[in-house]
1. To the nearest 20 debye, what is the magnitude of the charge dipole of region 457-602 about its Cα centre, counting +1 on the Cβ of each Lys and Arg and -1 on the Cβ of each Asp and Glu?
2. Report for region 22-150 the percent antiparallel among DSSP-assigned beta bridges with both residues inside it, nearest 5.
3. For region 380-488, list log₁₀ I(q)/I(0) at each q in 0.18, 0.21, 0.23 Å⁻¹, using the Debye formula over Cα point scatterers of equal strength and ignoring solvent, two decimals each.
4. Mind giving me the nanometre distance, one decimal, between the label points for ASN354 and ASP300, set 7 Å out from Cα along Cα→Cβ?
5. Equivalent ellipsoid semi-axes for region 536-608, as square roots of 5 times the alpha carbon gyration tensor eigenvalues: give them largest first, rounded to whole Å.
6. Using only the Cα atoms, work out Rg/Rh for region 22-150, with Rh taken as the Kirkwood radius, to two decimals.
7. Using Cα pairs under 8 angstrom and six or more residues apart, how large is the relative contact order of region 536-608, in percent?
8. Please tell me the relative contact order of region 22-150 in percent, rounded to the nearest whole number, where contacts are Cα pairs under 8 Å and at least six residues apart.
Amino acid sequence: MYSSIKYVWAFAILLPVLAGCVPQEVSLLPKPQSLEGSKNSFNVKSGFKIEVTDEKLDETSAYLAAFVDEWNEYICKDKQLDESGALPVSLALDKIGNDNPEAYELSVDKSGIMIKANFPQGCFYGIQTLRQLVKRDNGVLTLPQVKICDYPDFGWRSYLLDEARHFYGKEFVKKMLDELAALKINKFHWHLTDDAGWRIEIKKYPKLTEIGSQRSRTVIGKNTQEYDNTPYGGFYTQEEAKEIVKYAQERYITVIPEVDLPGHMLAALAAYPELGCTGGPYEVCPRWGVFEDVLCIGNDKTMQFLEDVMSEIIEIFPSEYVHIGGDEAPRDRWKECPKCQARIKAEGLKADKNHTAEDRLQSYCMTRIEKFLNSKGRRITGWDEILEGDVAPNATVMSWRGASGGIKAAQMGHDVIMTPNTYCYFDYYQTADTKDEPLGIGGYVPIEKVYSLDPTFDLNEEQKKHIIGAQANLWTEYITTTEHVEYMVLPRMAALAEVQWTQPEKKDFKDFTKRLARLMKFYQRDGFNYAKHVFDLKVDFTPDVAKKAVVVTLSTIDDAPIYYTLDGTEPTTTSLKYTEPVAITETADFQAVVIRPEGKSKVVNKKISFNKATYCPIELTFQPSEKYKFGGAITLVDGMKGNDSYATGAWLGFVGGDVEAIIDLGQETEIKRVATNAIVDMSAWIMGSTGLVVSVSNDNKEFREVAVKDIPAETNIDKKGVENYEITFDPVKARYVKVVIKRSPALPKGHAGEGKAAYMFIDEIEVD
């Protein structure tokens, strides 16, 4: 809790409190809309005192008092604080230049610190800025002389924590709320229910926590067939949840609870099997994924259950919004359920060319819950799947499957929170080099990708008004510890905070990274386990078709010296020093490292292999998926093989057809070998090839087959890795080479997607 000390004085006596002015660079995150001054700073010698006269600021001043106490202790040590000479910190509610309810004005000079705002939350955000302005070094506390006018670009600035898969406890949640407050985040989306656990007490249904909060075991790794056989569980009592809500409110953070429905309900069904279409038995799910068993919407008891649960939820959580999920709810059980089919008939739910009757049944469920919550003075938000069928009329949509759902919802007039997985999923890896990283679900979202998000995308001005904010999501299937949570969230959350707060035209990633260095010192001080990838060597390998070269561009956030080699040896200060992009035109084993006074960075290495097909014109008969086309066909002949991460841009992803590539060698050339690579990642529904076919031609019209190779389809549903395929044949001369890489027809027996189409990710077709 905050310090109970409150200082209230007038500006009557202002004695000297500072030493001479010295230069100081100001580093603030998120970047304020307007900042003047900052070239000079002063040392605070006699501590601080708080001045506030408006009782509406009592809670905010109490929050500030805790930091003032800390600063005063740092300055004064064992000395007595000279209150008469202390620097006043004044909080005031006053009409300021911007009418945004979260706007504030902050001025710092030798006479004192003034924070003014239209409302208390504005003063609170001014305090967060002040905290970052305070610089402590060797017992000396300094402040820059600045004037800041600031307000957020978006009103909804949110972070989701999934505690259904893994449970972290209230003290950690409070710790994260403190960090969110420092970044001016104002919403905490709390995912409390899912197949793997029910984490919130509902008194009318005690089995939800007695049974639903406990699973007997947890799958090991990425949905292998092995389990730890260790019981796992935990939940929040209503009083504990209310305590967290209050803690958040004191930091002007609204807690948005999520009860995910009608899918992702196995924990509830394990407790109350009569709520499912089959009657069970069910278990709290020890695996991750999407499962057929969902709530029976044709059962009146189910709908009463949902209303009862929501009645208690809104008593715990006073937020205007309640999140009701709506994602990943298979319709299979509903198609076979007599009660659900009876509901479809009774409600007149009809299929059309875009939606099934079961889609309409989901909409019926969401709309009914929306009406119930509306009657209680609340509003709903849900994942973009709620667009499937008839959208609940007043729903706010969270767009997670890319931006398209959000764009569609905005065009329909719905408010939208953008949380596209390709920018905002913090359970995705944050570096392409994953071998030393803690386990992630897959994907690739580096901090620069997060920072590049424009939540409004290409909407027109009227539609943009419906984009009310953005949200980071941390799903925790593979995140078992609080340290792992911190590592995945920090500092990416700082990048999204700037997206959420700062106007797009004021954003600059290079400038952001410079300011980030200061924030990381706060992480160190506060004991956070943060990721340091932003200090790593940044490497861009770009194909240059015209030069038939791989162009290597290297950089660091602090312009530290970079050294590289081309022969596979580890670089030293005697190696080649990087000064400009390097064009590689022949096979090389590239390595590079940053060497700072405090030590070396992680070594970056990349093997670049040239063969007869490298940088030759290439055409694809069957195109890659729009989502995974990245740099296009040239990716397959650019001399660079991808690692075991499919989302880095080094692979092309195909679904629904064989890969057929025609490569123009430029002239008649003797060849005797073709090879390629494919990712196998069964947990991500990615399988390898089942065969290669090589044909040749001199006119690109008539091809003759020269080699065929069959490859057994993968049956190990736990497999992950890179597969290498090659086929050799008697030497032939040809200009054009057609390579067909056959797909796996379907996911194998026992897989969660059994019988469904698998992706195939291909990289680097070699011809020798």
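What follows draws every value from the coordinates through simple rules; no lab data is involved. Values in this document were obtained by computation on a predicted structure and should not be read as measured data. Glycine also receives a Cβ, built like all others from the backbone with ideal geometry; neighbour counts cover every protein chain displayed.
1. Charge dipole of region 457-602: 420 debye, to the nearest 20.
2. Antiparallel bridges: around 75 percent, rounded to the nearest 5.
3. Evaluating at q = 0.18, 0.21, 0.23 Å⁻¹ gives log10 I(q)/I(0) of -0.85, -1.02, -1.13.
4. Going by the 7 Å Cα→Cβ label model, 3.4 nm.
5. On the way: eigenvalues 91, 34, 17 Å².
Whole-Å semi-axes of the equivalent ellipsoid: 21, 13, 9.
6. 0.95
7. Values: 155 pairs, mean separation 22.2, N = 73.
Averaging sequence separation for qualifying contacts and normalising by length gives 30 percent for region 536-608.
8. 34
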